[in-house]
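The values are calculated or read from the model by the stated rules, or taken from the named source; none is laboratory data. As the structure is a computational prediction, the values presented were derived from the model and not from experiment. Ideal geometry is used to build each Cβ from the backbone, glycine not excepted, and the neighbour counts take in all protein chains shown. Only protein heavy atoms, including side chains, enter the accessible area calculation; ligands, DNA and RNA are left aside. Shrake-Rupley method; radii C 1.70, N 1.55, O 1.52, S 1.80 Å.
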Amino acid sequence: MQRIYLDHNATTPLHSEVREAMMPYMMEHFGNGSSIHAYGREARNAIDTAREQVADLIGAKSPSEIVFTSCGTEADNYAVKGIAEFQKNRYGKNHIITSSVEHHAVLHTCQHLEKHGFEVSYLPVDRYGRIQIENLSEAIRDTTILVSIMHANNENGTIQPIEDVCEIAGSHGIPVHTDAVQSVGKLPLNVQELGVNLLTLSAHKFYGPKGIGALYTRRGTRLENLIHGGTHERNRRAGSENVPAIVGMGAAAALAKKHRESYSQHLNRLTNKLRTGLHERLTNIYENSHPEYCLPGTLNISFEFVEGESLILRLDMEGICVSTGSACTSGSMEPSHVLAALGISPQLAQGTVRFSLGKDNTQGEIEEVVEKVPAIVEQMRAISPVYKKKMKRDANPRNIQ
Ligand SMILES: *Cc1c(COP(=O)(O)O)cnc(C)c1O
């Protein structure tokens with residue numbers, strides 16, 4: 001059976017050109033970037049090139065503003081803990097502002113800091129998951145040291161007003177971090193235009209390898225190190241560099257820059273086809289993404305009277321790979337914190353599925369999904385007692401207004 005992969009917000013397949021770029025650094029160019037001899041220089045040069053490619057992708061002023069990390073999660077930890085620790089040691093300030101829909105890499109880091117003397121404000125969001133900028137202004141205190149708001153959400157694709165966030169925080173001299181893991185290769189991404197001080201990237205979300213990320217740190221932004229040891233990454237992140245992965249991230253960044261517009265158009269076309277197809281064939285379904293500010297390729301839908309986990313298992317049997325909420329929460333019965341923040345009832349949240357499309361998905365695949373999903377949803381609803389009760393109620397002429 002031909003599988004259809006619609007879970008690109010969880011991870012993407014490696015681009016073949018990325019693999020080609022990485023291979024020599026797993027084999028003949030195996031040197032340690034810190035060594036002075038020829039092998040070391042080869043590794044060092046490759047790392048420098050990758051750093052330039054990543055800097056170029058996001059419009060950084062200098063490659064030295066890019067620090068490679070072991071993943072997006074580490075970059076988020078480094079940004080939030082790094083600023084927190086520096087500011088507390090230096091000035092005794094301890095207040096952080098974030099949002100209620102952040103990735104767990106930021107959310108759980110903030111919760112951890114709360115146990116260590118920090119205070120955190122979690123901004124609420126509207127029904128599509130967007131923060132309201134007035135709430136940010138109100139949350140700012142004299143002791144605020146960081147605003148960390150994601151660029152685009154991994155579960156529903158909603159894009160935050162980061163330029164506005166930077167304007168307000170900047171007017172108070174507060175640095176802004178944004179987790180832009182989901183935006184790369186889908187949205188224009190320029191750190192100068194956004195105005196952020198810190199920005200997180202992860203290669204495996206844009207056709208690069210897993211286990212490599214980066215933090216952009218605007219020159220002059222002071223933060224404590226997270227990983228201590230040797231002098232790697234200009235004394236900012238110790239540990240022998242993962243050269244093949246760094247090379248892969250650089251190659252993926254160059255491809256993301258080159259193909260972003262055509263990929264995004266493709267994703268938008270397919271997502272619209274999927275959206276329209278499902279709405280034509282099903283009633284009682286609700287979209288949870290912002291109608292205007294949404295990532296290309298992400299479609300988050302609640303199917304009423306359906307249990308999402310069962311729907312996903314049924315789809316998996318048909319070879320269609322999708323996700324409930326975020327990959328991190330699947331397997332746990334807790335409704336996603338993002339859907340809860342949107343104000344969706346726990347019951348409806350249980351019936352929620354995230355379709356996240358990628359560059360290799362085809363019209364034909366979407367047609368197949370548009371046939372199979374409604375058929376399975378109808379079957380599941382037919383055996384749902386709640387749905388049967390509703391149908392009976394609707395069929396009763398006394399209930400028609
Ligand atoms: C995937 C993801 C991360 C984590 O990145 P890893 O490299 O898997 O650690 C962080 N933030 C967002 C928004 C993500 O989608």
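Of all residues in the stretch 140-176, those satisfying the criterion of being within 24 Å of HIS337 (Cβ to Cβ), of a type in the set (Gly, Ala, Ser) and either open to solvent by 10 Å² or more (accessible area, probe 1.4 Å) or within 16 Å of the ligand (Cβ to nearest atom) (or both) are SER148, ALA152, GLY157.
Might you check whether a residue that is within 16 Å of the ligand (Cβ to nearest atom) and part of a helix (DSSP H, G or I) occurs anywhere in the stretch 205-219? Let's see the steps before the verdict.
Going through the stretch 205-219, the residues within 16 Å of the ligand (Cβ to nearest atom) turn out to be 205-216.
Those still in the list that are part of a helix (DSSP H, G or I) too: 205.
Looking through the stretch 205-219, at least one residue is within 16 Å of the ligand (Cβ to nearest atom) and part of a helix (DSSP H, G or I).
Evaluated against (1) under 19 Å from GLU102 (Cα atoms); (2) open to solvent by 10 Å² or more (accessible area, probe 1.4 Å); (3) not small (Gly, Ala, Ser), HIS228 falls short on exactly one condition, (1).
Scanning the stretch 177-204 for residues that are under 16 Å from the mean Cα position of the chain (by Cα) and more than 14 Å from the ligand (Cβ to nearest atom) turns up just one, PRO188. A single entry from ILE58, ILE47 fulfils the requirement of being over 23 Å from LEU194 (Cα atoms), open to solvent by less than 20 Å² (accessible area, probe 1.4 Å) and out of contact with any Cys (no Cβ under 6 Å at 6 or more places or on another chain): ILE47.
Each row is one residue, and each column tells you yes or no for (1) in contact (Cβ under 8 Å) with a residue 40 or more places away in the chain; (2) more than 16 Å from the ligand (Cβ to nearest atom); (3) not β-branched (Val, Ile, Thr).
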residue: GLN2; (1), (2), (3): yes, yes, yes
residue: ALA10; (1), (2), (3): yes, no, yes
residue: GLU17; (1), (2), (3): yes, yes, yes
residue: GLU28; (1), (2), (3): no, yes, yes
residue: ASN32; (1), (2), (3): yes, yes, yes
residue: ALA38; (1), (2), (3): no, yes, yes
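All conditions but one from (1) open to solvent by less than 10 Å² (accessible area, probe 1.4 Å); (2) under 22 Å from ASN361 (Cβ atoms); (3) modelled with pLDDT of 95 or more apply to MET249; the one that does not is (2). Residues that are part of a strand (DSSP E or B) and open to solvent by 40 Å² or more (accessible area, probe 1.4 Å) within the stretch 107-122 comprise GLU119, TYR122, listed in sequence order.
Kindly check whether there is at least one residue in the stretch 123-130 that is open to solvent by 10 Å² or more (accessible area, probe 1.4 Å) and within 16 Å of the ligand (Cβ to nearest atom). Scanning the stretch 123-130 turns up at least one residue that is open to solvent by 10 Å² or more (accessible area, probe 1.4 Å) and within 16 Å of the ligand (Cβ to nearest atom).
Within the stretch 196-221, the residues that satisfy the criterion of being out of contact with any Pro (no Cβ under 9 Å at 6 or more places or on another chain) and open to solvent by 40 Å² or more (accessible area, probe 1.4 Å) are LYS210, ARG219, GLY220.
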